[in-house]
Amino acid sequence: MANSITVKVLDNCYLSPPPNSAPQTSLPLTFFDIPWLFFSPGQTLYLYEYPCSITYFTSTVFPNLKHSLSLTLQQYYPFAGNLKSPPKPGKPELVYTEGDKVQLTLAESSGDFNHLSGNHPRDVNEFYQLVPNLPTCFSGEKQLIPLLAVQVTVFPNAGICIGLAHHNVACDGRTFNNFMKTWAWYYSLGPLGDYSSPIKSLPCYDRSVIIDTCGLEAIFLKDWWNRNSSQEIVAVGTQTNVDLSNMVRATFVMSLNDMERIKQWILAQCKRKNKSHPIHLSPSVLTCAFVWVCLLKTQVGVNEKCVGEEPVYFGFNAGGLTRLEYPVSTTYFGNCIGFGRGMAKMNELLEEDGIIVAAEVFGNTVKRLDKSFFGGAEKWISDWEVMFGSELHVMVSGSPKLDLYETDFGWGRPKKIEEISIDTTRAISLTESRDLEGGIEVGLALPKPEMDAFVTLYTEVLEHCNVSPPLNSASPISLPLTFLDIPWLFFSPSQPLFFYDYPYTTSHFTSRTLPNLKNSLSLTLQHFYPLAGNLTMSHFEPCKPEIIYSQGDSVSLTIAESNGHFNHLSSNYPRDVNEFHSLVPQLDDKQVLIPLLAIQVTVFPKAGICIGLAYQHVVADGRTFNNFMKTWASFCSFGDSFSMKSLPSYDRKVIVDALGLEDIFLKEWWRRKSLKDIVIGSEANVDLSNMVRATFVVGLSDMNRIKSWTIAKCNEENKSLPVHLSAYVLTCAFIWICLVMAQEDVNEKCCGEDPNYFGFIAGGITRLDFLVPASYFGNCVGFGRSMAIRKELMGEDGVVVAARAIGSTVKTLDKAIFGDAKKWISDWKVLFGSDLNVMVAGSPKLDLYETDFGWGRAKKIEEISIDCMRAISLTESRDVEGGIEVGLSLPKTKMDAFTTFFTQGLKAFP
């Protein structure tokens, strides 16, 4: 995705303070500044929603931005200056002379502003074009390095990004925040504003207020020159060898409620074990302790780092203004922060009480700094160098106390703030939460597999409970599997996700919506009670598994909170499949009694809700499960007043096995079970690391064009028409061809004479020779498999060939749904997991989008199980009447190829 974004530079200019408005200045570095010579520049992005055209921006907004920046530099003139390096052993200094300037770049981006300003994982390489270049090596006879560069990037009709790069040696976050707020204030006055009114407080440049009582300046300066003595070019910053090719960045929000729950858990755990609790459980300590443990578990889980008693470190910057023994003004220009480093043993952090250990280490370090700010300060630089770039140690950048989100240029508060420099330092960034009062935003940049693991660890589980039918409302039952159920023993659970817009807070959800969800689920299970039961799996052949429900059986319900980008996840464009897996509940299938259903409801605060389900397909087909979902939604919407039109039918006698298929399927089940070759759609056999999922909509007009083209083609070539040109057949035929072409385009590994197969599920209720009620609870579907030669599918008439093959199979099933039923299981085995063959899951006839819990129709529906089955899902279109949504999960390169063939293919039909 990063490669497809273009950033065009529109203007490069240089801004100085107004003429003769700032004095020529030389500011010597203090011992607080010198350690920052070892650091690369800070790189901060402020993203603002501002839907204007590029023409309006360049003619109206940009001139005022330049003018207000110049006025700000009048007060913060060192930023227009340079860092000057004298010959060894001299001390570098900040110098400003008349005419010094800041480079300001104006650019235009084709990127997706909402995507970049989200919290969800995004490729780090998508952000680098938004960061201005700032030299890190001294150059010229005067040995100067600019201190600040600015880039303003416009996303037309969407937003603005103000990107800044500044050398930390000039100032700390407090000073830089004052600079940004001053610039925003000057801009907000407008081009006709009264600029003569003084700013609230001017920067203080008095270096004499910093008192070096411990002789740290000489120690730090010696370290600096020792480091650079062997280098021809003197540079600022520490270069780290971090592979950015598979790195993503994400933001995680820790709310006050989250912190309080962690705090109460720590206190309860310490009381239970009769231990003293950590002495300093502040919001920052609680947040950092939790993140530290999650990061370490991620490292151990993904990279299999050794677990033992080796020390691991957590470092952070500590404000000095309130800790020094002498007063320093809050407007002091420069650095006034120290460094704290806590240590714990790895195995202690990974144990049950790891968060308590982390909080104690962090809190004790804070308290030690409160008492003796310069204790161990002579080792600050060596301690830092251990931390940066390390996978096992963690360093914090930023502070949630700076109110960065109050930097308002008149466009409103920033939509998002990102610290880009953490990508190469392996640090985490802390900022106050934009939307949650008292909350903290945690920014991370990690390799993709580590981020996936971290998301799973971090995703907030608010509640885990079990929901049963109302007491004594459902009688115990034992349902034998029919021959239509047994084949589904070979399949992993189905995993649908229902996304709903829900612009409310988590507390609103837990207090108002959740009780109704649980009550309505209980009322629904009163009628669909087998879903609260289990599947019994005997270990002895030839016993047949059965579904049993006993009083007290229940469904696992998990309530979670996600920091993910709801609109991103509920979109159609390609998204990483791993972003969805934390929304799917776990369904244990390793027991003798296997639960049939698990539910997870995930809240995206002020954005939406995702209802994720996992259910064993052996218990019910899509029709039955759709009836369950609509009943639950109706009970949630209307409460006890809702009356079901027809109750589920549990009469297994209506299913007549005229061909003895039960014995055939059961025998095959036991044979494959003995060989441990029974699960279709297992994650173990599919590489998901580079897989993406997307949705494609085929509208009625598309189908009509494909149909007309097919008829015309057959007439032109004097060939008979395909026998069944329904919307379903036309859509499947076109998708089949696109998949075949994409496979050929990417892999080129297929022989033209190879047979390719297309399999699908066929509804049985209208095709059976015996009557089955529409409310029948269980499976009542058959299986169809179409075949065509690959080179024919890739020919000019490929769609005709595909439609003819699929349509003929449909007609065959209409006449005799059990015609080839004895081969269903072996046919399935051929289809699933193959790159060359295609299987369809779902049906566009179920009206899934009409599942309304009272929040409106679903915004998006996804079937996650197709990731591992290499199947496609079909659903009715949400927004295009008569259209069909096609869900796909493919490797990224193959998805790109499919998208091209799908888009160009539809255009090719007149």
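The values are calculated or read from the model by the stated rules, or taken from the named source; none is laboratory data. Remember, predicted model here, so these are calculated numbers, not experimental data. When we count neighbours, we look across all protein chains shown, and the Cβ atoms used for this are built from the backbone with ideal geometry, even at glycine. With ligands, DNA and RNA removed, areas are computed over all heavy atoms of the protein, side chains included. Shrake-Rupley method; radii C 1.70, N 1.55, O 1.52, S 1.80 Å.
Centroid-to-centroid, using Cα positions, segment 280-359 and segment 422-469 are 16 Å apart. Would you please classify the overall shape of segment 459-618 from the alpha carbon gyration tensor, given that a ≥ b ≥ c denote the square roots of the eigenvalues, rounded means a/c under 1.5, and beyond that prolate means a/b larger than b/c while oblate covers the rest? Note, shape of segment 459-618 comes out oblate. Here THR536 and LYS791 are evaluated by their C-beta separation; at R0 = 45 Å the FRET efficiency comes out at 0.40.
Just name one of ALA788, LEU890, CYS868: the one whose Cα is farthest towards the positive end of the charge dipole of segment 784-910 (beta-carbon charges, Lys/Arg +1, Asp/Glu -1). Selected residue: ALA788.
Near LEU244: Cβ cut-off under 12 Å, other residues only, Lys/Arg at +1 and Asp/Glu at -1. The net charge is -1.
The Cα trace of segment 755-826 gives Rg and Dmax of 14.4, 45 Å, the first to one decimal, the second as a whole number.
Of all DSSP beta bridges confined to the chain, the antiparallel ones make up roughly 85%. Within the accessible area of the chain, the carbon and sulfur atoms contribute 52%, probe 1.4 Å, all protein chains present.
Each Lys and Arg Cβ is given +1 and each Asp and Glu Cβ -1; about its Cα centre, the chain then shows a dipole of about 620 debye. Just one of (i) 22; (ii) 17; (iii) 11 is percent of Cα pairs over 57 Å apart as worked out from the coordinates here. Which one is it? The listed entry that was calculated here is (i). Stokes-Einstein, applied to the Kirkwood radius of segment 854-904 over Cα pairs at a viscosity of 0.890 mPa s and 25 °C, places its translational diffusion at 195 µm² s⁻¹. Its Cα gyration tensor gives segment 393-454 an equivalent ellipsoid. The semi-axes, each the square root of 5 times an eigenvalue, are 24, 12, 12 Å from largest down. In the chain, helical runs assigned H by DSSP with n ≥ 4 each contribute -39500 (n - 2.57); averaged across all residues and rounded to the nearest 500, the mean residue ellipticity at 222 nm is -9000 deg cm²/dmol. Taking the charge dipole of the chain about its Cα centre, with +1 at Lys and Arg Cβ atoms and -1 at Asp and Glu Cβ atoms, the residue from ILE559, PRO86, PRO135 reaching farthest to the positive side is ILE559. Each residue of segment 781-910 gets 153 Å³ once the volume of the Cα convex hull is shared out per residue.
Summary of the geometry: segment 26-75 and segment 850-891, compared by the centres of their Cα atoms, lie 45 Å apart. The calculated FRET efficiency for LYS371 paired with SER689, based on their beta-carbon distance and R0 = 56 Å, is about 0.70. Modelled spin labels at GLU108 and ASP663, positioned 7 Å past Cα toward Cβ, are 7.6 nm from each other.
Take every DSSP beta bridge whose two residues both sit in segment 465-598; close to 95 percent of them are antiparallel. In the full protein context, segment 791-910 carries 40 Å² of accessible surface per residue, based on a 1.4 Å probe and ignoring ligands, DNA and RNA. Taking a sphere under 14 Å around the Cβ of GLU716 and counting the other residues whose Cβ falls inside, with K and R at +1 and D and E at -1, yields a net charge of -1. For segment 308-373, the alpha carbon convex hull comes to 79 Å³ per residue, rounded to a whole number. Count Lys and Arg as plus one, Asp and Glu as minus one, and take only other residues whose Cβ is under 15 Å from that of PRO480; the net charge is then -3. Legend: residues ARG767, ARG857, ARG652, sorted from most to least accessible area (1.4 Å probe; ligands, DNA and RNA excluded), read ARG857, ARG767, ARG652. When peptides 439-450, 656-667 are sorted by average Cβ neighbour count within 10 Å, with the highest value leading, the order is 439-450, 656-667. Between segment 150-224 and segment 472-540, what's the alpha-carbon centroid distance in Å? For segment 150-224 versus segment 472-540, the Cα centre distance is 56 Å.
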